[in-house]
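To start, the structure under review is shown below, and the notes come after it.
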Amino acid sequence: MGYIEGITISTCINIVCVCGLVILTGYTGLFSMGHACFMCLGAYASAILTKYYSVPFLIALLAGGAVAGLLSLVIGVPTLRGKMDCFAIATLGFGEAVRIIMSNISHPYFGGARGMSGIMPYTTLPWAVGLALAAIILTINYARSQHGRIALAIRDHQDASELIGVNVFHEKIKSLMYSAFFCGVGGGMMAHYYTYMVPNVFNATVSNNLLTSVVLGGVSSVTG
């Protein structure tokens, strides 16, 4: 039963992360090769809040997602005005840069390459399932909203969308921040499940797995 519970929790964590990426890739048409870095940022932010400042688990998760969403502007603002291939390559470099920077921060809060331990095991099965369901519902609602329809229009006919008055750059930024937020929440869930983490866990393989999940499930299919 413990094994099944662990697999279920891991699945729920991935669902939360992929729910964000399906909006960015499936609906807006932007391919990211470095979204694991947002998991890393959310994981460290939420773990620091719960471990050192006794912040409630849910608030810490939301704060970790907010940190990831805000820091996504660092890569989004300079690159989303250009072509999609520029954005994909930039996210790959940004992901590696975040991982290396976190590995070299020697502050006791972060632990550097040795990682961070002593994180409270707050991510239980009810929490994981509840957060995964919430992520699915929010993503479906976003996809069915005006923002989701605009994202699809940008993916299929970007030039036509601009002609009818859509601010393509702003809509792409919204999708990026949405996806980064959910990856940050997923990273926080992971940190509070394993209770120990090192920056090298959030490598390019994790980013590729998230992108593969979106593609295999159907590029614009939340249920997939």
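The values are calculated or read from the model by the stated rules, or taken from the named source; none is laboratory data. Not measured: the values here are computed from a predicted model. All Cβ positions, even for glycine, are placed from backbone atoms using ideal geometry, and neighbour counts span all protein chains on display. Surface accessibility is based on the protein's heavy atoms, side chains included, excluding ligands, DNA and RNA. Shrake-Rupley method; radii C 1.70, N 1.55, O 1.52, S 1.80 Å.
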Quick one: is Thr123 touching a His at 6+ places or on another chain (Cβ under 9 Å) and under 30 Å from Tyr3 (Cβ atoms)?
yes
Counting only residues that are open to solvent by 10 Å² or more (accessible area, probe 1.4 Å) and part of a helix (DSSP H, G or I), how many does the stretch 20-49 have?
5
Go over the candidates Tyr196, Tyr178 one by one and state the one that is open to solvent by less than 40 Å² (accessible area, probe 1.4 Å), aromatic (Phe, Trp, Tyr) and either over 20 Å from the mean Cα position of the chain (by Cα) or modelled with pLDDT of 90 or more (or both).
Tyr178
Which residue out of Tyr109, Tyr122 is closer than 18 Å to Cys183 by Cα and open to solvent by 50 Å² or more (accessible area, probe 1.4 Å)?
Tyr122
Residue selected from the stretch 68-85 under the condition touching a Leu at 6+ places or on another chain (Cβ under 7 Å) and surrounded by fewer than 23 Cβ atoms within 10 Å (Cβ to Cβ), by the criterion farthest from Gly115 (Cα to Cα)
Met84
Among (1) in contact (Cβ under 8 Å) with a residue 60 or more places away in the chain; (2) over 23 Å from Gly76 (Cα atoms), there is one condition Ile173 misses while meeting the rest; what is its number?
(2)
Considering every residue within the stretch 68-81, establish whether at least one is out of contact with any Asp or Glu (no Cβ under 6 Å at 6 or more places or on another chain), at pLDDT below 90 and not in a helix (DSSP H, G or I).
yes
